[in-house]
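The values are calculated or read from the model by the stated rules, or taken from the named source; none is laboratory data. Fair warning: this is a prediction, and the values are worked out from it, not measured in the lab. Note that each Cβ is placed from the backbone with ideal geometry, even for glycine, and that neighbours are counted across all protein chains shown.
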Amino acid sequence: MTKHVVITGANRGIGLNLCQQYLALGYAVTAVVRSPTAELKALGVNVISNIDVANSADIETLGNQLEGQKVDVLINNAGVFHNETLADIDFDTINQQIAINAVAPIRVTHALLNCLSVDAKVAMITSRMGSIADNGSGGYIGYRMSKAALNAASVSLAHELKGKQIAVGLFHPGFVQTQMVNFAGDISPEDAAGRLILRINELNITNTGGFWHSNGETLPW
């Protein structure tokens with residue numbers, strides 16, 4: 001039976017490449033976006049548009065559109081990135097990052113819970129910048145807060161979903177050459193997506209709740 005993957009933030013970068021590679025692997029792919037790019041449309045995957053993951057009504061719409069469908073892999077990839085320091089603080093962007101990076105993945109997972117099959121996998125695309133132990137430079141206050149909050153919530157989800165045989169993994173893609181970082185990364189979106197798929201394949205109920213770099217390294221909390 002064909003497996004079904006649902007990917008948020010799928011219109012470009014890592015998300016688009018995840019769609020391409022899962023499609024090549026024979027998966028049925030559902031791409032969740034606010035507005036699809038021409039590149040995404042050209043793939044011919046199922047696209048659910050006009051979904052702002054931070055908007056509760058939009059997520060209710062997403063749940064209704066996928067009602068009754070089995071989801072084997074849910075990848076919460078949508079995110080936003082800003083840099084705030086104490087000397088240059090912006091509480092609006094901090095709140096935006098917490099809403100999109102931390103709360104939205106939980107909102108999406110909750111809305112699609114009845115679609116997640118036994119042995120399903122929930123992949124949270126997080127960041128090593130959410131690691132407290134790994135913070136050696138400061139800055140990026142809102143982004144670090146949002147990813148640390150996502151990590152904490154995802155570990156709770158891993159405990160709560162273990163009884164349903166649903167595994168939850170937290171994955172840092174690497175420093176990826178995407179629009180989010182003005183293409184300043186050291187790994188391509190294509191390579192990052194390929195490595196993430198390998199890590200998601202390795203996710204199971206025995207290692208649920210783990211925090212990994214896409215290269216396979218276990219990251220500190």
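Report, by residue number, each residue of segment 59-75 that is surrounded by fewer than 20 Cβ atoms within 10 Å (Cβ to Cβ) and either in contact with a Ser or Thr (Cβ under 7 Å, 6 or more places away or on another chain) or assigned to a helix (DSSP H, G or I) (or both).
Taking segment 59-75 first, the residues surrounded by fewer than 20 Cβ atoms within 10 Å (Cβ to Cβ) are 60-61, 63-65, 67-70, 72.
Of everything in segment 59-75, those that are surrounded by fewer than 20 Cβ atoms within 10 Å (Cβ to Cβ) and either in contact with a Ser or Thr (Cβ under 7 Å, 6 or more places away or on another chain) or assigned to a helix (DSSP H, G or I) (or both) turn out to be 60, 61, 63, 64, 65, 70, 72.
When residue 198 is tested against (1) at pLDDT 95 or above; (2) over 17 Å from the mean Cα position of the chain (by Cα), just one condition goes unmet, and that condition is (2). Report yes if some residue within segment 39-47 is in contact with a Leu (Cβ under 7 Å, 6 or more places away or on another chain) and exposed (fewer than 15 other Cβ atoms within 10 Å of the Cβ); otherwise report no. So far as segment 39-47 goes, yes, one or more of its residues are in contact with a Leu (Cβ under 7 Å, 6 or more places away or on another chain) and exposed (fewer than 15 other Cβ atoms within 10 Å of the Cβ). Among the residues of segment 101-127, those that are among the β-branched types (Val, Ile, Thr), touching a helix residue (DSSP H, G or I) at 6+ places or on another chain (Cβ under 9 Å) and either surrounded by 20 or more Cβ atoms within 10 Å (Cβ to Cβ) or within 13 Å of residue 168 (Cα to Cα) (or both) comprise 106, 108, 109, 122, 125, 126. Restricting the first member to segment 148-159 and to residues that are closer than 9 Å to residue 105 by Cβ, and the second to residues that are surrounded by fewer than 21 Cβ atoms within 10 Å (Cβ to Cβ) and of a type in the set (Phe, Trp, Tyr), no beta-carbon pair is closer than 7 Å while six or more apart or on different chains. Within segment 138-154, can one find any residue that is under 16 Å from residue 82 (Cα atoms) and surrounded by fewer than 17 Cβ atoms within 10 Å (Cβ to Cβ)? Yes, because at least one residue in segment 138-154 is under 16 Å from residue 82 (Cα atoms) and surrounded by fewer than 17 Cβ atoms within 10 Å (Cβ to Cβ). When segment 64-77 is filtered for residues that are farther than 14 Å from residue 105 by Cβ and not hydrophobic (A, V, I, L, M, F, W, C), the ones remaining, listed by number, are 64, 65, 67, 68, 69, 70, 72. Residue count for segment 66-110, restricted to those that are more than 25 Å from residue 205 (Cβ to Cβ) and among the polar types (S, T, N, Q): 7. Residues that are under 30 Å from residue 135 (Cα atoms) and either among the aromatic types (Phe, Trp, Tyr) or touching a Leu at 6+ places or on another chain (Cβ under 7 Å) (or both): does segment 50-64 have at least one? Within segment 50-64, not a single residue is under 30 Å from residue 135 (Cα atoms) and either among the aromatic types (Phe, Trp, Tyr) or touching a Leu at 6+ places or on another chain (Cβ under 7 Å) (or both). The condition of being under 15 Å from the mean Cα position of the chain (by Cα), modelled with pLDDT of 95 or more and β-branched (Val, Ile, Thr) holds for only one of 176, 155, that being 155.
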